[in-house]
Amino acid sequence: MPCFTAMRAEIALMSGNAFAVTHHAFSSGAGRTSDGNGSHASTLKSPSYTKSVSWQHYQNSRKLQELIWDKLVAYVNDFNLSNQEKSRLILRLFDDVKLLFNEVPVSILVNDIFLKDFFMKQPDFAKWYFYQLLKKYEGEQLYLNELGYVYGNEEKTNEIVNNNPGYVVEIFEEKMGNELKIRTRMMEILRDGKINIYEYINKEQLEKLNPPEDLRIAIKKLGWNN
């Protein structure tokens, strides 16, 4: 059985190593050339350029996400912890990921660890999780709404794909996939969590969100009646 203290140390080490990768490029003088007088001039175009070519690589790395998340949450049930302690450990891991990536990637947000009974049967944790999903969903849905996307309308989807440059289409397709994953998980939480989420999304906010009909119905019938 893995040691809880050792696991926390491993989390810190992994997070620290990931941060060190990008920090090292600046602190060690990487990317700089000497002017012959002992001073150094950067060979990079700008700090924002550096961030785009280094940090984004790690932010979008599924391998890194697995390293600091998937392989660690697998140990949660091995600890002799109460349900609440297990849930708090997951929340701590969640915060570590958010700190590292600046936002929680969808692949982590919809991890099946959040569907475990020790998490779902505690209303406070289930509501917290739904709120995280909702905030992420709002961002994805806003982008899709601005493009005029309508779920299930193939003609409209083709119009968006045909009338936009390639990079927009790439983002659009990613957002469509994210929307479906998050929407599906939100409906699962409403079905199994038996929580009331009216404080997070009321009638006016639901209309503004403009989700597909299945989520709209789930929110009205399950999210407002518990």
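The values are calculated or read from the model by the stated rules, or taken from the named source; none is laboratory data. Computed from a predicted structure; not experimentally measured. Ideal geometry is used to build each Cβ from the backbone, glycine not excepted, and the neighbour counts take in all protein chains shown.
Table: residues versus (1) within 21 Å of the chain's Cα centre (by Cα); (2) surrounded by fewer than 19 Cβ atoms within 10 Å (Cβ to Cβ); (3) at pLDDT 95 or above; (4) hydrophobic (A, V, I, L, M, F, W, C).
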{"position": "Phe172", "(1), (2), (3), (4)": "yes, yes, yes, yes"}
{"position": "Arg183", "(1), (2), (3), (4)": "yes, no, yes, no"}
{"position": "Ile189", "(1), (2), (3), (4)": "yes, no, yes, yes"}
{"position": "Asp192", "(1), (2), (3), (4)": "no, yes, no, no"}
{"position": "Ile197", "(1), (2), (3), (4)": "yes, no, yes, yes"}
{"position": "Asn202", "(1), (2), (3), (4)": "no, yes, yes, no"}
{"position": "Gln205", "(1), (2), (3), (4)": "no, yes, yes, no"}
{"position": "Leu215", "(1), (2), (3), (4)": "yes, no, yes, yes"}
{"position": "Trp224", "(1), (2), (3), (4)": "no, yes, yes, yes"}
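Look at segment 193-215: where a residue is under 18 Å from Tyr129 (Cα atoms) and a partner is hydroxyl-bearing (Ser, Thr, Tyr) and surrounded by 13 or more Cβ atoms within 10 Å (Cβ to Cβ), sitting 6+ places away or on another chain with Cβ atoms under 7 Å, you get Tyr200/Tyr131. Checked against the criteria, Tyr58 counts as touching a Leu at 6+ places or on another chain (Cβ under 6 Å) and either modelled with pLDDT under 90 or surrounded by 19 or more Cβ atoms within 10 Å (Cβ to Cβ) (or both). In the set (1) in a helix (DSSP H, G or I); (2) in contact with a Gly (Cβ under 9 Å, 6 or more places away or on another chain); (3) not basic (Lys, Arg), Ile182 fails one condition alone, (2).
Let's see how each residue does on (1) more than 25 Å from Ile108 (Cβ to Cβ); (2) part of a loop (DSSP other than H, G, I, E, B):
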{"site": "Tyr143", "(1), (2)": "no, no"}
{"site": "Tyr149", "(1), (2)": "no, yes"}
{"site": "Thr157", "(1), (2)": "yes, no"}
{"site": "Val161", "(1), (2)": "yes, no"}
{"site": "Glu173", "(1), (2)": "no, no"}
{"site": "Met187", "(1), (2)": "no, no"}
{"site": "Asp214", "(1), (2)": "no, no"}
{"site": "Leu222", "(1), (2)": "no, no"}
{"site": "Asn226", "(1), (2)": "yes, yes"}
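Filtered by the rule that a residue be within 20 Å of Ile217 (Cα to Cα) and hydroxyl-bearing (Ser, Thr, Tyr), segment 139-187 gives Tyr149, Tyr151, Thr184. More than 13 Å from the chain's Cα centre (by Cα) and acidic (Asp, Glu), is that true of Glu154? Criteria met by Glu154.
Per the listing Lys181, Lys175, Lys135, the residue uniquely out of contact with any Leu (no Cβ under 6 Å at 6 or more places or on another chain) and over 18 Å from Leu206 (Cβ atoms) is Lys181. Inside segment 77-103, residues that are among the basic types (Lys, Arg) and either assigned to a loop (DSSP other than H, G, I, E, B) or touching a Phe, Trp or Tyr at 6+ places or on another chain (Cβ under 8 Å) (or both) make up a count of 1.
Residue count for segment 157-172, restricted to those that are over 13 Å from Leu144 (Cβ atoms) and of a type in the set (S, T, N, Q): 3. Of the numbered conditions (1) at pLDDT 85 or above; (2) over 27 Å from Glu138 (Cβ atoms); (3) within 18 Å of the chain's Cα centre (by Cα); (4) of a type outside the set (Lys, Arg), Val110 satisfies every one except a single condition; which is it? In the conditions (1) at pLDDT 85 or above; (2) over 27 Å from Glu138 (Cβ atoms); (3) within 18 Å of the chain's Cα centre (by Cα); (4) of a type outside the set (Lys, Arg), Val110 misses (2) alone.
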